[in-house]
Amino acid sequence: MSDIKDATLTPEVQRLHKGMQEVWGNPKGLRALTVVNHTTVGLRFMVTGAIFFLIGGLLAMLIRTQLAFPDNNFMSPEVYNQVFTMHGTVMMFLFAIPILEGLAIYMIPKMLGARDLVCPRLTAFGYFCYLFGGIILFSSLILEMAPASGWFMYTPLSSGEYSPGPGSDFWLLGITFVEISALSAGVELVVSILRTRTQGMALHKMPLFAWYILAMALMIVVGFPPLILGSILLELERATGMPFFDVAGGGDPVLWAHLFWLFGHPEVYIIFLPGAGIVSTLIPVFAGRPIVGYGWVVAAIIIMGFVSFGLWVHHMFTLGIPQLALAFFSAASMLVAIPTAIQIFVWLSTLWLGRPRMTLPMLWIVGFLVIFVLGGLTGVMLALVPFNWQVHDTHFVVAHMHYVLVGGMLFPLMAGLYYWLPQVSGRMPSERLGKWSFWLIFLGFNVTFLVMHWTGLLGMRRRVFTYDTAMGWDIYNLISSVGGFIMSAGVALLILDIALHFRFGKKAPQNPWGADTLEWAMPKPPTPYNFVSLPKVETRHPLWEEPELSRTIYEGQHGLANIEHGRRETWGSDALTGKLRETIHLPSNSWWPLFSSLALAVVCISLLVRVYWVAALAALVAVVLLLRWSWENGAHPKVAPDATLEPSEPPLHFHTMNGPGVWTMSVSHLANGSLYLSLLFGWFYLWTVAPEWQMPESSPLSMPLLVLAGAALTLGAFVLSKLVRRLRRRNDVGLGGGMYLIGVLGVLQSALIGIVIWQAELAPIESAHDATLLVALVYVLIHALLGAILCLLQGLRVGYGFVSAEMPMEPVVVLRLWHYNLVVYWTLFVAIWVMPTLLGGAS
Amino acid sequence: MKHLLSLTHPIQLVGGLTIWSIWFVAIYGGLSVACAVAPPDPLRDMWTGINLAVGLATLGAMALLLLLSWAAVLAARRTSVRRECYFGNVSAGIYLFSAGATLFVGYPVIFLPPCL
Amino acid sequence: MDPAGPAASHQFWVWWAMLFFSVVVALVVFALWLYTFRRREQPQRTPREEQRIMLRWVLGGGVLLPVVSIVALLVFAAPTGRGMLPLPLPEGEAERIEVVGHQWWWEIRYPGEEDEPDVVTANRLVMPAGEPVDFRLTSADVIHSFWIPRLGGKRDMVPGRHSTIRLEASEPGVFGAQCAEFCGAQHTGMLLHVEALERDDYDAWLAERRSPPEPIGDEADAVRAFGEHCAACHTVAGFPEALVDDGVAHDIVGPDLTDIGSRPTLGAGVLPMEEGAIAYWLQHHQTLKPGNRMPPHNHIDTETLQDIGAWLETMEP
């Protein structure tokens, strides 16, 4: 074994490390708010998530105290409803997702041999959105006006009529804010995994953890927008009275249930996949052999990612949907058992063929297995429609879902925590305290929730604040409550262990568990630039096959070991083969993420207190700040002080036509497209299913104007693709003028859409039809404006010399937006004008 | 573009389930619309045109997926590049799974009426 | 867990079968995992052998096991749901009862033939035993869910929509029922008293309520007080129109009180019906069921409330 300690550092290499530290290091004091480094921001995510976990756990203890005895008066029903709503919300949105994202943000570049994620400023922006959204949501609990309609916020219960206070607004606005953070992390994780792997790491050679995170990130990108749309519509209904979910106005409350669970079910797998990723990472290490059936696992991940989108209706089995439709979802829900079982048996055969060691992280993995398998089996039972009808919304479901979520997420997370602690702190955790806390949590958990299955079968409903002693549920509830408190004692011990280990843990060796992945090749505690030189990796197990990598990397023997230019750089590689494509130049610390997320927080708060002019103003400020942020890109002197390269190195990314910006734009459009499809789904759903839907005899929209606006858009996109094609041939004659022209076409399109809206004289407060039309038109209007502004800015950037035949990337990015707008605009035209006109006013 | 359509490209990993998803959305959406526009008489139980249409769509989608699965196996055998062989085989597995999933999900049309 | 109808007992057996199977599967998987840690000796294997062992486990446990189990589940268990469909019966129409969910009480309607008015009652559901009954469900405000645990599954009540669930009580008896979808502050206190009667008793019970109501005299103080304070929200069949003070605008409806004296509980199952219970409820309902939609009666003196309570207790068909 060769270690970093054995590295021989020439003065030259020492200078290199010092230079790296200067360029990559974090500033102190107030400027720490500008930090964009993934290691720092990832840790911030995880620590914040842990704090919210404790808050959510505290709420759970309040619930168990209330339910410990029959007819208990510990809390009033109003407070109890707030407490269980916030428990679910905090655990799902403020703990589970962010802490896993934090782990991915921290770990992915290190495992892939990169120096940072591909959009570092977006990482920081995501964190601030999460922090502010979380604080806003949590403040409602302190102000005693927390949402009280359950974490699923079924309307009409959450509507203005039945929940008049600001509680629901806190939920809708706060959660949307937090989801922005999840989306931004999702987008950049996808692009980072595909495009910043180190040289030679082909897609099928990357660690399984990266596959899991890739699937999770893609699922976030596709799965979160339906809820964002739902939240926007519900908030519009609450604030202005647009009747999207109100039957009398032509809406339908079941639409909310669809949009919510369209997000809500994939969410469960978004939480489970990283957990399974941790298991798949740890088991080979502690079995001392490569995982068997890598391909099987990849297939299982992909199947899970897809099938989990086909299950959402199994949360709605009792809503009165036709049984045949339910049967489809029931069958699809059972199908998930197959990829799950594949993974469990791949893990088993890896252990079977290896020589497993029982260590503290492994103990948590075994705990995971026991709990998760039980949760999975009750899950298959629940997929059966008739059985589901019986136990739906009882404590049986509460028990099932805690088995799946705690088993599938918390236990692997704890395993990962103990496994990677030495990587973060350079010290080993205490075996004894760790075992104690494991057994307390494991036993406490099972005592609480195993009994709860039975309580549910006896007929105890969810979300009741008390029960009558005559029901005979007293003893089971008491046992559950005692178990809950044992579990919290375990959590307290766990925190103590981790806190102590930073002070007293013994120093960890370079690779304490004998792991195979690159994060263990780094110095401990980690350097902000991860690797001083980037290695070529062509195996799935770099540290097993080349144990001297830690030393050679540290000695600067590999690629990109140059810091004279003062740029933050990492490699951009081919998504498939891992061949080097370009040198990605990463932006440095910046205030823009903080400022723009602050502006968004102001928008959020002023919507809460219903001061709409402040909200509008702040939204405008946020847009300006975001555009100003985008200005500091590419060849801007602030981000690219020096554009020279060693001749041997691949070109800087903005000199190519396929840099990470192009990929980021495409993946963002996946999210955007999912939002748009949800909107179309809402339109068609209300049209066909809502009981009181009113379709006017003829469309209120002016067809000539719509076609004219579409023509402006089409012409603009055509010119833009011509310009890009010329750029590909290194020809930038007339680029600036062309960009201005397209910008003007975009402005024209926006103006025409504006006139269409104004002329239509819609009555969005009275009819869901008009309200949905308005939202759809505003959606295309915003996109038209964005397309126009970006083109005008491109014109300016050509003038400044940031965009040219030598630096052709940005127009390609803008072209992606225009193509997207083109597809959206014309499909929407068909959906809201052509189809109603052809099919007539009958509903 | 031709490269993407080759059965050994990793994009094929998601091909089978994409077809499955489209089929799934089509039968679920089609069923909802059909029940809203022209619900059949409950007396006919499961002997309706809707069940027949869904059943045929199921068989069609399954046949297509089986065919693709077989083609992916053949493509994986033909190529000599390890990476392509790998992705071809994994894709074939997922195509096969999708075919099974199609049959499994579509099967209830033989014992349930469509709109109740 | 004590089924009293065909749908519930189906699910009862499905549950025990699934439980048994699950426990076996779980124990085998746990045992295999733990065994891997116990072994000391490991034979040297070639990659080919390893591949074979892996395939054996993954194909057997990861593919075959779940496929067989879910196919079995789908083929044998899923069709049990058919019994709860409102399919036409060979012996003609099933008895139909309409249930409307309110925050936080139940409105029960027995539809009348042709022009006949519905029989309306609240918080007590009487149904015939030994035959399937179709419950037609909807809601007046938020989403509720109708659930008689011992008879079978639940069904949500969605405003603006009607859905039908078919249930059957094998024997006459009394069952608890409850709202199963979280519906606001008093979700907990939304209980329903269900009685299954022999067909003849059921017909008699219904006939009693079908007969046109006798007009109520407008002399008594209690009647006048009821008209002033209560009648804007609560209907009593035969109550003199002239006495109803609807000066106060209410956008909610309270339960129909025509046969309140015959009901076994008050406040949707919060309080058992005894002598004086209504008066007690009228004075303390916001403590007994905090947050319920009936405004507090602090402005009305106790004597009047007791009068009203005593009068209401006489309201029986």
Mind checking Rg over Rh on region A:469-550, alpha carbons, Kirkwood formula for Rh? 1.33
Most exposed to least, judged by fewest other Cβ atoms within 10 Å, A:W631, A:W520 sort to A:W631, A:W520
If packing is taken as the average number of other Cβ atoms within 10 Å across a peptide's residues, how do A:822-829, A:173-180, A:116-123 rank, most packed first? A:116-123, A:173-180, A:822-829
To the nearest Å, what is the center-to-center distance of region A:92-143 and region A:289-342, using C-alpha atoms only? 27
Going 7 Å from the Cα of C:L27 in the Cα-to-Cβ direction, what parts of region A:415-449 have a backbone nitrogen less than 20 Å from that spot? A:446-447
Under a crude label model (7 Å from the Cα following the beta-carbon direction), how far is C:E303 from A:I782 in nanometres? 6.5
How well do other chains shield peptide C:66-72, expressed as the mean number of their Cβ atoms within 10 Å of each residue Cβ? 6
Inter-probe distance in nm under a simple model that places probes 7 Å from Cα toward Cβ, at A:M835 and B:R77: 4.4
Would you mind telling me the antiparallel percentage of the DSSP bridges in region C:95-210, rounded to 5? 65
Could you tell me which of rounded, prolate or oblate describes region C:221-313, using a ≥ b ≥ c as the square roots of the eigenvalues of the alpha-carbon gyration tensor, with rounded for a/c under 1.5 and, failing that, prolate when a/b is larger than b/c and oblate otherwise? rounded
Between B:V14 and A:R610, the two model label points (7 Å from Cα along the beta-carbon direction) sit apart by a distance in nm of 4.3
Given 10 °C and 1.306 mPa s, how large is the Stokes-Einstein diffusion coefficient of region A:662-843 in µm²/s, with Rh as the Kirkwood radius over Cα pairs? 91
Computed [θ] at 222 nm, helices only, for the protein assembly as shown once each DSSP H run of length n ≥ 4 contributes -39500 (n - 2.57): -19000 deg cm²/dmol
Yeah, chain A with a ≥ b ≥ c from its alpha-carbon gyration tensor (a/c under 1.5 is rounded, else prolate when a/b outruns b/c, oblate otherwise) is oblate
Can you give me the relative contact order of chain B as a percent, contacts being Cα pairs under 8 Å and 6 or more apart? 43
Solution diffusion estimate, µm²/s, Stokes-Einstein, region C:6-84, Kirkwood Rh from C-alpha pairs, 20 °C, viscosity 1.002 mPa s: 138
Is chain C best put as rounded, prolate or oblate by its Cα gyration tensor, with a ≥ b ≥ c the root eigenvalues, rounded for a/c under 1.5, and otherwise prolate when a/b is larger than b/c, oblate when not? prolate
Suppose the chain between C:E114 and C:Q286 were pulled fully straight at 0.36 nm per residue; how much longer would it get relative to their current alpha carbon spacing? 57.9 nm
Residues of region A:696-712 with amide nitrogen under 20 Å from the 7 Å Cα-to-Cβ point of A:E761? A:696-706
Net charge of neighbours whose Cβ lies under 13 Å from the Cβ of A:Q390, counting Lys and Arg as +1 and Asp and Glu as -1: +2
Among A:K110/A:K507; A:K28/A:K507; A:K5/A:K205; A:K524/A:K638; A:K524/A:K579; A:K638/A:K722, the pairs whose Cα-Cα distance exceeds 23 Å are A:K28/A:K507; A:K5/A:K205; A:K524/A:K638; A:K524/A:K579; A:K638/A:K722
So how do B:43-54, C:54-65 stack up, highest first, on mean other-Cβ count within 10 Å? C:54-65, B:43-54
Efficiency of FRET between A:M358 and C:E131 - r from beta-carbon atoms, R0 56 angstrom, step 0.05: 0.40
If you wrap a convex hull around the alpha carbons of region C:95-210, what volume per residue comes out, as a whole number of Å³? 93
How crowded by other chains is A:162-169, given as the mean number of beta carbons from other chains within 10 Å of each beta carbon? 1
Can you tell me how much longer the chain between A:N26 and A:A751 gets when fully stretched, taken as 0.36 nm per residue apart minus their C-alpha distance, in nm with one decimal? 256.4 nm
Using the count of nearby Cβ atoms within 10 Å as a rough guide to exposure, how do A:Y467, A:Y554, A:Y162 rank from fewest to most? A:Y162, A:Y467, A:Y554
Give me a single rounded figure for A:460-470: the average over its residues of other chain Cβ atoms within 10 Å of their Cβ. 4
To make sure I understand the rule: partners must be lysines, Cα under 18 Å from the Cα of C:K154, and not fewer than 8 residues away in the same chain. Which ones qualify? none
For A:N731 and A:L670, what is the calculated FRET efficiency with R₀ set at 41 Å and r taken between the beta-carbons, to the nearest 0.05? 0.85
What fraction, in whole percent, of alpha-carbon pairs in region B:52-116 exceed 17 Å separation? 48
Once you keep just the Cα pairs under 8 angstrom separated by 6 or more residues, what percentage relative contact order results for region C:103-155? 24
Springs between alpha-carbon atoms under 10 Å, Gaussian network over chain C: tell me which of C:F37, C:F12, C:F76 tops the mean-square fluctuations. C:F37
Using Cα pairs under 8 angstrom and six or more residues apart, how large is the relative contact order of chain C, in percent? 16
The protein assembly as shown: antiparallel bridges as % of DSSP beta bridges, rounded to 5, reads 75
Karplus ³J(HN,Hα) for region C:57-63 (6.51 cos²θ - 1.76 cosθ + 1.60, θ = phi - 60°; Hz, whole; x = Gly/Pro) runs 5, 5, 5, x, x, x, 10
Label zone at A:S698 (point 7 Å along Cα-to-Cβ), backbone N below 18 Å, region A:804-837: A:832-837
Fewest first, what order do C:H162, C:H187, A:H565, C:H10 take by the number of other Cβ atoms within 10 Å? C:H162, A:H565, C:H10, C:H187
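All of the numbers you see were taken from the coordinates with simple rules; none came from a lab. Given the structure is predicted, the values throughout are model-derived calculations rather than measurements. Backbone-built Cβ (ideal geometry, glycine too); neighbour counts: all protein chains shown.
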